[in-house]
Amino acid sequence: MEIIPAIIAKSFEELSRKIKLVEPYVNWVQLDIMDGQFAPEVSWNNPEELENINTRLNLEAHLMVEDVELEVERWLGSGVKRILVHYEAVFGNQELGTGNWEVISKKCKENNTELGLALNLETSIDVLTKFQVSSSRFQVIQLMSIAQIGYYGQPFDGRVIPKIKSLREKYPNVKIAVDGGVSLKNAGKLFQAGANILAVGSAIFEADNIGEAIKNFQIGFGSK
C-alpha cells in the first residue's frame, strides 16, 4: 500500500507549502487540478510554474477538467511523472469533443509520462472493456470514493468497495488507487478489497501533526 497526499491548492504558494509539508514522509504527491466545469471548483493550474519547485517527490497531476486533450498537452513536459484523466471527461460528452483517447495515450508514451484513468463513483468498471487494460497501458486505475469530486472532507462512500473487488478480480496486475474521503477508519477495508494506493487529502492536511498522520497510515499498511 502506498500513501499519496492529494493537494488542492488555490495558488502556487499554497502548492509549494503543502509539498514541503509532506516531502519528508512520502515518495509521491498528487496535484488535484480543477477547471470549474468538470469539477465545480477552480484550483491552481499553471504547470509551467513547477520548474520553480525543488523537490525530490514524484508528482502526478489528477486532471478533473473538461478539455482533457488540451490540458494533457499543457502538463506534458512540466515535470510530472504521471497524469490521471477522467473517463467521464474523455468519453462522457463526446459532442463537446473533450478528448481523443488515442492521441492522449500516444502523447503520454512519447513523453515517457505514466497514464492513469480515473472513474467517478457512479461509473461502472464495465466501461473498461473499451480498453486493453494492462499495466503497460495504464499505470493506475483510480476509483473515486466520494459522490462530489473536487473538495476536501467529502464523506467516504462505501459503494467503492465492491468496485475495487471487481476491478482486482478482472485486472489482477493493475495498480488500483482510491481517492476521496480516505481515512484510517476505512483504509483497512480498501486495502483488503485490493487497493494498492490511497490518495489522502483532508486526513493528512487537516491533521494537527501531518507527519504523524502520514506515519499512522504507513505503520498500518507497511507503506513508504
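The values are calculated or read from the model by the stated rules, or taken from the named source; none is laboratory data. Model, not experiment: these values are computed from the prediction. Here the Cβ positions follow ideal geometry from the backbone for every residue, glycine too, while neighbour counts run over all protein chains shown.
General observations
- Among residues of the stretch 141-156 that are at pLDDT below 90, those with a beta-carbon under 9 Å from a residue that is of a type in the set (Asp, Glu) at least six positions away or on a different chain give the pairs Gly150/Asp32; Gly150/Glu41; Tyr151/Glu41; Tyr152/Glu206; Gly153/Glu206.
- Residue check, Thr113 out of contact with any Pro (no Cβ under 9 Å at 6 or more places or on another chain), modelled with pLDDT of 90 or more, over 30 Å from Lys185 (Cβ atoms) and of a type in the set (Ser, Thr, Tyr): yes
- Taken over the stretch 153-170, residues that are under 18 Å from the mean Cα position of the chain (by Cα) and surrounded by 15 or more Cβ atoms within 10 Å (Cβ to Cβ) amount to 9.
- Extreme residue, farthest from Met1 (Cα to Cα), among residues of the stretch 182-207 that are touching a helix residue (DSSP H, G or I) at 6+ places or on another chain (Cβ under 8 Å) and of a type in the set (Gly, Ala, Ser): Ala207
- Count - residues of the stretch 184-196 that are buried (at least 23 other Cβ atoms within 10 Å of the Cβ) and either touching a Ser or Thr at 6+ places or on another chain (Cβ under 9 Å) or of a type in the set (Phe, Trp, Tyr) (or both): 1
- Test for Ile204: is it crowded, with 22+ Cβ neighbours inside 10 Å, in contact (Cβ under 8 Å) with a residue 40 or more places away in the chain and not charged (D, E, K, R): yes
- Only one of Asn209, Asn216, Asn173 that is surrounded by fewer than 18 Cβ atoms within 10 Å (Cβ to Cβ), free of Cβ contacts under 8 Å to residues at least 12 places away in the same chain and not acidic (Asp, Glu): Asn209
- The set of residues from the stretch 102-132 being more than 22 Å from Val80 (Cβ to Cβ) and surrounded by 16 or more Cβ atoms within 10 Å (Cβ to Cβ) comprises Leu121, Thr123, Ile125, Leu128.
- Subset of the stretch 81-96 (residues that are surrounded by fewer than 24 Cβ atoms within 10 Å (Cβ to Cβ) and either part of a loop (DSSP other than H, G, I, E, B) or modelled with pLDDT of 95 or more (or both)): Lys81, Arg82, Gly92, Asn93
Yes/no per residue for (1) among the basic types (Lys, Arg); (2) in contact with a Leu (Cβ under 7 Å, 6 or more places away or on another chain); (3) more than 14 Å from Ile149 (Cβ to Cβ):
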position	(1), (2), (3)
Ile7	no, yes, yes
Phe12	no, no, yes
Ile19	no, yes, yes
Val22	no, no, yes
Asn27	no, yes, yes
Gln30	no, no, no
Gln37	no, no, no
Glu41	no, no, no
